[in-house]
1. Given the options Tyr69, Tyr73, name the one that is of a type in the set (Ser, Thr, Tyr), modelled with pLDDT under 95 and farther than 30 Å from Val132 by Cα.
2. Looking only at the stretch 87-131, count how many residues are over 19 Å from Gly25 (Cα atoms) and in a helix (DSSP H, G or I).
3. Could you tell me which of the residues Ile85, Ile119, Ile111 is buried (at least 16 other Cβ atoms within 10 Å of the Cβ) and at pLDDT 85 or above?
4. Just give me the residues in the stretch 33-65 being among the polar types (S, T, N, Q), more than 18 Å from Thr6 (Cα to Cα) and buried (at least 16 other Cβ atoms within 10 Å of the Cβ), in sequence order.
5. Of all residues in the stretch 19-40, count the ones that are at pLDDT 90 or above, more than 15 Å from Leu93 (Cβ to Cβ) and hydrophobic (A, V, I, L, M, F, W, C).
6. Within the stretch 16-43, restricting attention to residues that are over 28 Å from Ala102 (Cβ atoms) and assigned to a loop (DSSP other than H, G, I, E, B), which residue is nearest to the chain's Cα centre (by Cα)?
Amino acid sequence: MSHIATIKLRIDNLPALARACKRLGLELMQGQASMKSFQDGLKCEHAIRHSGNMSAYEVGLVKSKDGGYEMVYDNFDYHLTINSIAHVAGDGLEKIRQLYAAEVAANQASIDGWCNVQINFNEQGLPIVTGVMA
């Protein structure tokens, strides 16, 4: 039995997603056409894998109706091992979602002319985008 969950977040900036994944020790596999889960062979356009645990289930990126991507993953893996992708990425993949949003915001700030744009973290571990207006 599969436990596939869909994360309702529009992903339309793959470089920002790749940077967010790298911060978590994950890797965006562009062009990978299937994702590892309980039900092998689930189709996707791209996948996210755990760099330190090649046997862990993966997150798939599937085309959404609006032209971007949505993340899908087998959330049962969260309960199997401390090295699962869900443990690294957070329940509901919250850490990927937060870091992706921060990477997109940092990228836009740079485009808008901000200087010294950085992603820092507050006491709760949430990403904060900082910079200086030019």
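1. Details: Tyr69 fails: modelled with pLDDT under 95.
Only one candidate qualifies: Tyr73.
2. Going through the stretch 87-131 one residue at a time, the tally reaches 7.
3. Working: Ile85 fails: at pLDDT 85 or above; Ile111 fails: buried (at least 16 other Cβ atoms within 10 Å of the Cβ).
Among Ile85, Ile119, Ile111, only Ile119 is buried (at least 16 other Cβ atoms within 10 Å of the Cβ) and at pLDDT 85 or above.
4. Taking the stretch 33-65 first, the residues among the polar types (S, T, N, Q) are 34, 37, 39, 51, 53, 55, 64.
Adding the requirement that they be more than 18 Å from Thr6 (Cα to Cα) leaves 51, 53, 55.
Matches in the stretch 33-65: Asn53 only.
5. Of the residues in that region, 2 qualify.
6. Within the stretch 16-43, the match that is nearest to the chain's Cα centre (by Cα) is Ala33.
The values are calculated or read from the model by the stated rules, or taken from the named source; none is laboratory data. Here the structure is a predicted model, which is why all the values come from computation and not from measurement. Virtual Cβ from ideal backbone geometry, glycine too; neighbours counted across all protein chains shown.
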